[in-house]
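Here, each number is a calculation from the coordinates, and none is a lab measurement. Small disclaimer: the values here were computed from a predicted structure and weren't measured. FYI the Cβ positions are ideal-geometry reconstructions off the backbone, even for glycines, and counts take in every protein chain you see.
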Amino acid sequence: MPPKRRSFKRKTGTRRYKKLYIISTEGQKTEQEYFSIFDNRGSIIRVKCLKSKKKSSPLSVLKRMKDYIKEENLLETDEAWLVVDRDEWTDKQLKQLHDWAEEKENYGFALSNPKFEYWLLLHFEDGKGVKNSKDCTKKLKKYLPNYDKGVDVNQITDKMIHAAVKRAKDKDKGSFEERLKSAGSTVYKVVEKIVGKK
């Protein structure tokens with residue numbers, strides 16, 4: 001069993017530890033590999049809540065985050081993010097995650113429609129014409145032929161990350177409900193916070 005993260009109590013004259021982003025995902029491989037890109041960029045990135053059997057629903061992702069926060073000290077300067085796919089989840093399920101993220105300034109919710117691979121696709125192109133998961137994977141494999149639920153982080157450059165952020169922001173129009181109906185990704189919100197605006 002991994003050791004718990006120690007509590008950080010700031011003493012006068014001591015240096016504060018680096019900002020911590022806790023990212024709870026529904027996927028057990030791709031998202032973790034992707035967020036590992038940012039491990040040494042001035043922030044500590046921790047991808048929490050691995051997908052387990054029958055535990056990948058949005059509410060399971062939320063529960064794992066709540067359990068983590070209850071057990072660990074989440075400072076006001078830390079951030080807690082839920083990262084999930086649209087998939088076939090109901091609007092009501094996803095709205096619960098959205099509402100949770102609205103509770104505090106350091107909570108966030110990133111949704112990819114139809115799935116996380118759409119966010120990856122935005123690193124290469126604007127993602128037009130994607131209507132479902134199959135379209136998304138087919139397009140992504142044009143750029144990452146060996147992609148199989150995993151990301152070779154060496155193929156993702158800073159320039160590509162900033163391009164994906166811009167493309168995703170350009171598509172992010174309308175209300176939360178409207179985002180559920182069209183292809184897009186708000187993963188850019190957490191990535192932009194980690195890498196900074198360009």
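Here the spin labels are modelled as points 7 Å beyond Cα on the Cα-Cβ line, and at K128 and L59 they lie 4.0 nm apart. Taking a threshold of 27 Å on the Cα-Cα distance, which of the pairs K134/K181; K63/K115; K95/K138; K104/K193; K63/K134 fall above it? Distance filter (> 27 Å) returns K95/K138; K63/K134.
For E71 and E105, compute 0.36 nm times the residue count separating them, minus their Cα-Cα distance, and round to one decimal in nm. Write out the running numbers ahead of the final one.
On the way: separation 34, 0.36 × 34 = 12.24 nm, distance 1.98 nm.
So the chain would gain 10.3 nm between E71 and E105.
Using the Cα centre as the reference, give the magnitude of the dipole from point charges on the C-beta atoms of region 20-195 (Lys, Arg: +1; Asp, Glu: -1; all else neutral), rounded to the nearest 20 debye. Numbers along the way, then the final one.
Working: 35 positive and 30 negative charges, 143 e Å.
Value, rounded to 20: 680 debye.
Quotient of the Cα radius of gyration of region 125-185 and 2.2 N^0.38 Å, N being its number of residues: 1.22.
Restricting to bridges with both residues inside region 20-195, how much of the DSSP beta-bridge set is antiparallel, in percent to the nearest 5? Walk me through the intermediate numbers first.
Values: 2 of 18 bridges.
Here the antiparallel bridges make up roughly 10 percent for region 20-195.
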